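Everything on this sheet refers to the single structure shown next.
The values are calculated or read from the model by the stated rules, or taken from the named source; none is laboratory data. What you see is a predicted model; the values in this text were computed from it and never measured. Cβ sites come from the backbone with ideal geometry, for glycine too, and all protein chains shown count toward neighbours.
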Amino acid sequence: MKKFLKRLKKDERGLTLVELLAVIVILGIVGVIAFVAIGNVIENSKKDAHIANAQQVISAVELLEASGDTLNGSEDASEIDSVGKLTDPWDTNNNGYDFTVERSDSRNAIVISSVHSECSFTNATKSNLIKDGRDACGKTYTASDD
């Protein structure tokens, strides 16, 4: 029994270099996976903010029409007083950006278009944006899409 205890004490060393390298590689892999996942979350949140801005513009135009004013053809959202300055989620300098809104007679709805380089859509209604969310980016809507 004493020999066994002596041998046990003699073999007590720290981590070997291979074990240490294995731990570092595993931590590196976990770090890369987390970095990619966080990057996707940030990009998706920017698209969500862009879609939310579009929904807000449509709500402002609905409020404008409810107060008795009318939308004259196709207008930039920045020309509508109740919209104000919108913040571009992709622009770190906090410059504004615009949407184009119009009343669609064929759809009996307010439609909005965005030509943003990161997330563009054409002729979307509020219900399209609610239904599709960030998937609205890159779509062109028609009257049958409602």
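Residues that are surrounded by 15 or more Cβ atoms within 10 Å (Cβ to Cβ) and under 15 Å from the mean Cα position of the chain (by Cα): list the strands (runs of 3 or more DSSP E) wholly contained in the stretch 72-146 that include at least 2 such residues.
120-124
With the structure loaded, tell me whether Thr125 is in contact (Cβ under 8 Å) with a residue 40 or more places away in the chain and hydroxyl-bearing (Ser, Thr, Tyr) or whether it fails that test.
When the stated conditions are applied, Thr125 passes them.
Could you check how many residues of the stretch 97-116 are in contact (Cβ under 8 Å) with a residue 24 or more places away in the chain, of a type outside the set (A, V, I, L, M, F, W, C) and more than 19 Å from Ser144 (Cα to Cα)?
3
Considering each of Ser106, Ser82 in turn, give the residue that is under 18 Å from Thr125 (Cα atoms), among the hydroxyl-bearing types (Ser, Thr, Tyr) and out of contact with any strand residue (DSSP E or B) (no Cβ under 6 Å at 6 or more places or on another chain).
Ser106
Residue under question is Ile80, and the condition is that it be at pLDDT 85 or above, out of contact with any Cys (no Cβ under 8 Å at 6 or more places or on another chain) and β-branched (Val, Ile, Thr); does it hold?
Against the criterion (at pLDDT 85 or above, out of contact with any Cys (no Cβ under 8 Å at 6 or more places or on another chain) and β-branched (Val, Ile, Thr)), Ile80 does not qualify.
Among the numbered criteria (1) under 14 Å from Gly133 (Cβ atoms); (2) of a type outside the set (A, V, I, L, M, F, W, C); (3) loosely packed, with under 10 Cβ neighbours inside 10 Å, which single criterion is violated by Ser67?
The number of the failed condition is (1).
What is the number of the single condition among (1) more than 19 Å from Ala136 (Cα to Cα); (2) in contact with a strand residue (DSSP E or B) (Cβ under 7 Å, 6 or more places away or on another chain) that Ile58 does not meet?
Checking Ile58 against (1) more than 19 Å from Ala136 (Cα to Cα); (2) in contact with a strand residue (DSSP E or B) (Cβ under 7 Å, 6 or more places away or on another chain), the one that fails is (1).
Does the stretch 39-58 contain any residue that is of a type outside the set (Asp, Glu), touching a helix residue (DSSP H, G or I) at 6+ places or on another chain (Cβ under 6 Å), touching a residue at least 24 places away in the same chain (Cβ under 8 Å) and more than 18 Å from Phe121 (Cα to Cα)?
Looking for residues that are of a type outside the set (Asp, Glu), touching a helix residue (DSSP H, G or I) at 6+ places or on another chain (Cβ under 6 Å), touching a residue at least 24 places away in the same chain (Cβ under 8 Å) and more than 18 Å from Phe121 (Cα to Cα), one finds none in the stretch 39-58, hence no.
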